[in-house]
Amino acid sequence: MRRRVYWLLPNLASAKRTMDDLLLACIGERHIHFVAREDADMTGLHAANLLQTSDLIRAAQMGLVLGGAVVALLGIVAAVYFPIVGDQPQWGIAAVLAMLGGAFGAWSASMIGASTPSHRLKRFESAIEQGQILLMVDVPRSRVDEIEARLQAQHPEARLEGVEPNIPAFP
């Protein structure tokens, strides 16, 4: 289980030094993510991807639940009032429709979520627009205090912005 630690760094040079220190502390590059303004130079940094900077995962989960629930209700109505064979309700239809509705809901909502900025990063928008660089580092729960202390000692220009207790499984 990992925790996501957020840091705000003042510039590219500080971000590069911080990334080097994290790599020396045996934090893999795939667990280090940087977010900056769109016009910022990110050379040498591991930039955050779409899964980390958008609400794609959250939107897909909501679409799965809502699409599955709504279409399941429609499937129940269809199974009870419009049976295909005989007079008995066809519950299989409701189950199949619920799965298809969930899949369609997840797909369509994820298209919207991909274009929506992450709700987790909203609080950093103004700092990023001012030119600061956001560091998101995913560390094992047992090493959070060690990594925080290391970065505070070696990078006084950086500002600790908190720890997120639950990071998504995919990004």
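Brief remarks follow.
- Annotation: the antiparallel percentage among DSSP beta bridges lying fully within the chain is about 95.
- Helix-only [θ]222 nm of the chain, DSSP H runs n ≥ 4, -39500 (n - 2.57) each, per residue, nearest 500: -15500 deg cm²/dmol
- Using a Gaussian network model of the chain in which every pair of alpha carbons under 10 angstrom is joined by a spring, one finds that among Ile84, Ile27, Ile93 the greatest mean-square fluctuation is at Ile84.
- Computed P(r) (all Cα pairs; the chain; 5 Å bins; percent): 1, 9, 14, 15, 14, 11, 7, 6, 6, 5, 4, 3, 2, 1, 0, 0
- Part-to-part distance (alpha-carbon centres) for segment 1-51 and segment 81-143, which is given in Å: 26 Å
- Using a cutoff of 8 angstrom between alpha carbon atoms and counting only pairs six or more residues apart, the relative contact order for the chain works out to 44 percent.
- Contact order, relative form, for segment 56-113: 57 percent (alpha carbon pairs under 8 Å, 6 or more residues apart, mean separation divided by residue count).
- Size of electric dipole in segment 21-159: Cβ of Lys, Arg +1 and of Asp, Glu -1, about Cα centre, debye, nearest 20: 320 debye
All of the numbers you see were taken from the coordinates with simple rules; none came from a lab. Nothing here was measured: the structure is a model prediction, and the numbers come from that model. All Cβ positions, even for glycine, are placed from backbone atoms using ideal geometry, and neighbour counts span all protein chains on display.
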